[in-house]
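Q: The following block contains the structure, expressed as structure tokens.
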Amino acid sequence: MGMTKNEIFIKEKHSRVFDITNSIQLWTKLFSEYEKAEIITQSNNYIKFKLTQYPDEYGKVYSWVSERFLDKENYIIHARRIAPLYPFKYMSIIWEYVPLENGTQMKWIQQFEMDDNCPISDKAMEDNLNNGSKTEMRLIKNFIEKQVGDISE
């Protein structure tokens with residue numbers, strides 16, 4: 001089993017960080033890796049959506065469906081990849097938003113296991129996810145901290 005833990009401090013109140021980072025329609029602006037983010041179904045505390053990454057260096061495009069369970073009362077998200085699971089056996093993510101005096105500590109905990117047919121080890125994927133998470137968290141921090149007033153698509 002692989003696991004990563006990453007966190008970043010964002011100078012914005014936790015309710016706003018929570019709302020922005022759970023607005024799937026903004027993910028193409030928040031993240032550098034997603035070309036499309038499409039909501040399939042959504043309710044007060046649930047979002048099912050499809051992510052499509054930009055083509056890789058070989059022109060291959062990857063898409064998958066994920067779901068998020070939102071606990072706004074406790075500012076925690078439980079998410080998981082649904083389909084296709086490959087290259088994982090499973091991928092679960094917890095996002096926590098901890099209110100601090102001058103902002104929010106946003107934490108991501110990813111737990112996964114690589115598919116037996118995947119040539120990438122859990123350790124190699126941990127390294128990849130840690131590097132990517134740190135980059136994406138910095139982009140999210142910069143996006144949120146530069147926002148003034150309402151966010152428009």
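The values are calculated or read from the model by the stated rules, or taken from the named source; none is laboratory data. Because the structure is predicted, anything quoted here is derived from the model rather than measured. As a convention, Cβ positions derive from the backbone with ideal geometry for all residues, glycine included, and neighbour counts pool all protein chains shown. Just so you know, the surface numbers come from the protein's heavy atoms only, side chains and all, with ligands and any DNA or RNA stripped out. Shrake-Rupley method; radii C 1.70, N 1.55, O 1.52, S 1.80 Å.
Q: Could you run the Karplus curve 6.51 cos²θ - 1.76 cosθ + 1.60 with θ = phi - 60° over the stretch 136-141 and give me ³J(HN,Hα) per residue in whole Hz, x for Gly and Pro?
A: Ordered by residue, 3J(HN,Hα) equals 5, 5, 5, 5, 4, 4 Hz.
Q: Can I ask one more? Here is the link list: Lys89/Lys141; Lys5/Lys89; Lys29/Lys107; Lys72/Lys141; Lys60/Lys146; Lys36/Lys134. Which ones come out longer than 28 Å on Cα distance?
A: On the way: Lys89/Lys141 30 Å; Lys5/Lys89 19 Å; Lys29/Lys107 19 Å; Lys72/Lys141 20 Å; Lys60/Lys146 33 Å; Lys36/Lys134 21 Å.
Cα-Cα > 28 Å for Lys89/Lys141; Lys60/Lys146; rest within.
Q: For Cα pairs less than 8 Å apart in space and 6+ apart in sequence, what is the mean separation divided by the residue count of the chain, i.e. the relative contact order in percent?
A: Values: 300 pairs, mean separation 45.5, N = 153.
It rounds to 30 percent for the chain.
Q: Something else now. How about Lys11: which aspartates and glutamates have a C-alpha closer than 20 Å to its C-alpha, ignoring those fewer than 8 places off in the same chain?
A: Reachable aspartates and glutamates: Asp19, Glu96, Glu101, Glu136, Glu145, Asp150.
Q: Given [x] 1.03; [y] 1.33; [z] 1.14 as candidate values of Cα Rg over 2.2 N^0.38 Å, which corresponds to the one derived from the coordinates?
A: Of the labelled values, this structure produces [x].
Q: Just to verify a number: FRET efficiency for Ser15 and Glu67, C-beta to C-beta distance, R0 = 30 Å, to 0.05?
A: Efficiency computed from Cβ-Cβ geometry: 0.85.
Q: In nanometres, what is the gap between the two model label sites at Asn45 and Ser23, each 7 Å from Cα along Cα-to-Cβ?
A: About 2.3 nm separates the two model spin labels.
Q: Before I look further, what does the chain give for accessible area per residue, probe 1.4 Å, in whole square angstrom?
A: 57 Å²
Q: Using r as the Cβ-Cβ distance of Cys118 and Glu7, and R0 as 30 Å, what FRET efficiency do you calculate, to the nearest 0.05?
A: 0.65
Q: Could you pull out every residue, at least 5 positions away or on a different chain, whose amide H is within less than 5 Å of the one on Met91? Hs are placed 1.01 Å off N in the peptide plane, and Pro or chain starts have none.
A: Arg81
Q: Another question, then. Step through the residues of the stretch 28-39 one at a time and calculate ³J(HN,Hα) from phi using the Karplus curve (6.51 cos²θ - 1.76 cosθ + 1.60, θ = phi - 60°), rounding each to whole Hz and writing x for Gly and Pro.
A: Listing the rounded values in order: 6, 9, 6, 10, 7, 9, 9, 7, 9, 9, 10, 7 Hz.
Q: Suppose only helical runs count, i.e. DSSP H with n ≥ 4. What mean residue ellipticity at 222 nm does that imply for the chain under -39500 (n - 2.57) per run, divided by all residues and rounded to the nearest 500 deg cm²/dmol?
A: The helix-only estimate for the chain comes to -7500 deg cm²/dmol at 222 nm.
Q: For the stretch 1-89, what ratio Rg/Rh do Cα atoms give with a Kirkwood hydrodynamic radius?
A: The Rg/Rh ratio comes out at 0.98.
Q: Another question, if that's okay. Just to check I understand the Karplus step: with θ = phi - 60° and J = 6.51 cos²θ - 1.76 cosθ + 1.60, what whole-Hz values come out for the stretch 6-18, glycine and proline as x?
A: Those phi angles translate into 9, 8, 8, 8, 10, 7, 6, 5, 4, 5, 6, 4, 4 Hz.
Q: Another question about this same structure. Measure off, as a whole percent, the carbon and sulfur share of the 1.4 Å-probe accessible area of the stretch 1-147, all protein chains present.
A: Within the stretch 1-147, the accessible surface is 48 percent carbon and sulfur.
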